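Below: one structure, written as structure tokens.
The values are calculated or read from the model by the stated rules, or taken from the named source; none is laboratory data. The structure displayed is predicted, hence computed values, not measured ones. Heads up, the Cβs are rebuilt from the backbone with ideal geometry, glycines too, and the neighbour counts pull from every protein chain shown. These area figures cover heavy atoms from the full protein model, side chains too; ligands, DNA and RNA do not enter into them. Shrake-Rupley method; radii C 1.70, N 1.55, O 1.52, S 1.80 Å.
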Amino acid sequence: MNKGKILSRSIWVFHFCSGSCNNCDIEILDALTPRFDLERFGIKLVGSIKHADCMLVTGMINKKGATRLKFLYDIAPKPLAVVAIGACACSGGIFEPSYYTYGPVDKIIPVDAYIPGCPARPEALIDGIVKVVKKLST
Ligand code: SF4
């Protein structure tokens, strides 16, 4: 495998939060700080899904969030890699079962990588994004 070729593309990420406790969101921000410095890998946070190669999803999916998540996925340019971050996004976490949850992210849209943890650590987050680079390179 030619890693140089696969990692030759910068990945722009869009962050979607649906009903999380915000701790996983803080870990995403932590990954962007100079300590972890995601931008040195060309990974950049963008404000529009139309500019993104990858969507980071945090939190359990509630009714309002499910509608918006599906809409954003549908309008995003493809290929789009989806990374579920934290136990809530991966499996519903501590909010399952509950009357207001729609389950984990993969009940709504396809997921390419799962980053477990409560919260997910920045190192694991970086690892997950790098794993979806291959999908985006094909
Ligand atoms: S996985 Fe844990 S830290 Fe992350 S949003 Fe859910 S409850 Fe919060």
* When every alpha-carbon pair in segment 28-138 is counted, what percent end up more than 18 Å apart? -> 49
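How would segment 88-138 be classified by its alpha-carbon gyration tensor: rounded, prolate or oblate, with rounded meaning a/c under 1.5 and the a/b versus b/c comparison settling the rest?
On the way: a/c = 5.17, a/b = 1.63, b/c = 3.17.
Judged from the Cα gyration tensor, segment 88-138 comes out oblate (a/c at least 1.5, b/c at or above a/b).
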* Of all DSSP beta bridges in the chain, what percent run antiparallel (nearest 5)? -> 5
* Compute the separation of the alpha-carbon centres of segment 77-138 and segment 29-54 and state it in Å as a whole number. => 16
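Find out how many positive minus negative residues lie around Ala84, taking Lys and Arg as positive, Asp and Glu as negative, among other residues whose Cβ is under 10 Å from that of Ala84. Spell out each step's value before the answer.
Details: positive: none; negative: Asp106, Asp112.
Taking every other residue near Ala84 into account, the sum is -2.
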* What net charge is computed for the residues neighbouring Ser18, neighbours being all others with C-beta under 15 Å from the C-beta of Ser18, Lys and Arg scored +1, Asp and Glu -1? -> +2
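Note down the relative contact order for the chain as a percent, whole number, built from C-alpha pairs under 8 angstrom at least six residues apart. Walk me through the intermediate numbers first.
Values: 264 pairs, mean separation 38.2, N = 138.
The value is 28 percent.
Hey, what's the chain come to in accessible area per residue, 1.4 Å probe, Å²? If you can, show how the numbers build up before the last one.
Numbers: 7320 Å² over 138 residues.
So the chain comes to 53 Å² accessible per residue, rounded to a whole number.
Per residue, what volume in Å³ does the Cα convex hull of segment 4-92 take up? If you can, show how the numbers build up before the last one.
Values: hull volume 9.0 nm³, N = 89.
It comes to 101 Å³ per residue, whole-number rounded.
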* Compute the acute angle (0 to 90°) between the alpha-carbon long axis of helix 23-32 and the principal axis of greatest extent of the alpha-carbon atoms of the chain; round to the nearest 10°. => 10
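When the accessible area of the chain is computed with all protein chains present and a 1.4 Å probe, what percentage of it is carbon and sulfur? It would help to have the intermediate numbers written out before the result.
Numbers: 4240 of 7320 Å².
Ligands and nucleic acids excluded, carbon and sulfur reach 58 percent.
Pop the C-beta distance of Cys118 and Ser48 into the FRET formula with R0 = 30 Å and round what comes out to the nearest 0.05.
Details: r = 29 Å, r/R0 = 0.96.
With R0 = 30 Å, the Cβ-Cβ based efficiency is 0.55.
Determine the gain in length on full extension of the stretch Cys17-Lys63; use 0.36 nm per residue of separation and subtract their C-alpha separation, reporting nm with one decimal.
Working: separation 46, 0.36 × 46 = 16.56 nm, distance 1.29 nm.
Value of the extension gain: 15.3 nm.
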